[in-house]
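Here is the structure we will look at.
Quick note: the coordinates plus some simple rules give every number you see, no bench work behind them. Not measured: the values here are computed from a predicted model. In this analysis, Cβ positions are derived from the backbone assuming ideal geometry, glycine residues included, and neighbour counts consider all displayed protein chains.
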Amino acid sequence: MEIPPALLSDDDVFNAVAETAAVARAAHLRQLRLLAEVLRRGLDTDTFRRLVRADPRDLKRWTAQVNLFLPSLSPTGQPLPPLHPVTGAVLEELSDGHLTELARAISLRLPDGSEEILVEAARSVEPKAVRQLADRIRDRAEQDRVDEVDEPAADPGDVLHLRDLPSGRLEFFGELSAETGARFTALLEPLSAPRPDGPRDAARRRGEAFADLISLASRSGDLPSEAGERPHISVTIDYKTLQHRVGHALLDGDRHLSAAQARRIACDAKVLPVVLGGDSEVLDLGRAKRTVSVAQRRALHARDRGCAFPDCHRPPKWCDAHHIQHWADGGPTDLSNLVLLCRTHHSLIHHSQWQITTTGGTPVFIPPRHIDPAQRPRQNLLHRPPAPVPTPTPLAA
């Protein structure tokens, strides 16, 4: 009669776990041998799969294990050793997960002697560690092959392809060297971590993180100049379109943007707005009062200490200086009219009815009624203690 686990001593619990694992390994090996016989006799493998309640992927994986690690018979009935006898000799000690990783490692065509190393490791470590070790052996072998030839000819370096899409978006793809790829990943991973207010899709998160990296790079003092100017982009828009937020703008002369997008990116000092009046008269070619000075930027960093939107943790270097009253509407470029916003919340403010005010120099956000019918003022308490907030003036119904 089996003793209930609750009545076992600590040592007996772990002994029972070891015994159960051994039984599971034996059962898997028995299953592989039965599958080998099904394959040898040409029986229906779908019937086998249904009887063991396995997925088609499991059947494919087990078939590979049978072909690689189990002995077989020749057409004349003569016994044949396993294709990989090193693994075949210790099947009783290896789990399904270990055999799966060893089969994968064999598909990588690793150098001679690799199987012995991996099998020895598999007898004492978990399957994930076997995979990692196999990948290290593969990477080392590939690097050795590169070192044997002329490295510049063997390594194509960093490659990037660009293609304009009809919608004005830009498609890009390419490859990075191991060194550049490691640096890129190290920069991207912290920025693309899941956030409560961010996208759940990993590709979207990486896209936003990449945009943040570009924004940060555009503010770098080490960027080269072109034709005597620092890197910048130009947005051309009609003044009435900019004021009424309905219509289109041109980005660098040939890509279309919405008026709302133009208003948002105009907050960035690296964007040169060309505002046209009647008969294409240039009304504003990046007037100086629009851009935020270095001193103002430092003051904003000290005041807001990051994105000022409630509950956002983004640090100052990932933020834009946003005009509370837009410069196109006559808003001054003064600290009282400026607030730090990350790219996500900068876009949110431009596309929603959030209101922003300042109290004692602290930005205060008033949500639209569909988010909070009472429109209670909110602050970001992650960067600094709360400040007294004013009684909100609700929007007219």
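Given contacts defined as C-alpha pairs under 8 Å and at least six residues apart, what's the relative contact order of the stretch 1-139, whole-number percent?
Details: 105 pairs, mean separation 25.9, N = 139.
It rounds to 19 percent for the stretch 1-139.
Tell me, Ile106, Ile214 in order of fewest to most beta-carbon neighbours within 10 Å? Kindly include the intermediate steps, with their values, before the conclusion.
Numbers: Ile106 19, Ile214 9.
The fewest-first ordering by Cβ neighbours comes to Ile214, Ile106.
Which order do the peptides 358-365, 81-88 take when ranked by the mean count of other beta-carbon atoms within 10 Å per residue, highest first? Walk me through the numbers before you get to the answer.
Details: 358-365: 17.2, 81-88: 15.8.
Top of the packing list down: 358-365, 81-88.
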Subject >> Gap separating the Cα centres of the stretch 27-54 and the stretch 97-131, nearest whole Å >> reply: 24
Subject >> By average C-beta atoms within 10 angstrom, highest first, the peptides 5-18, 198-211, 307-320 >> reply: 307-320, 198-211, 5-18
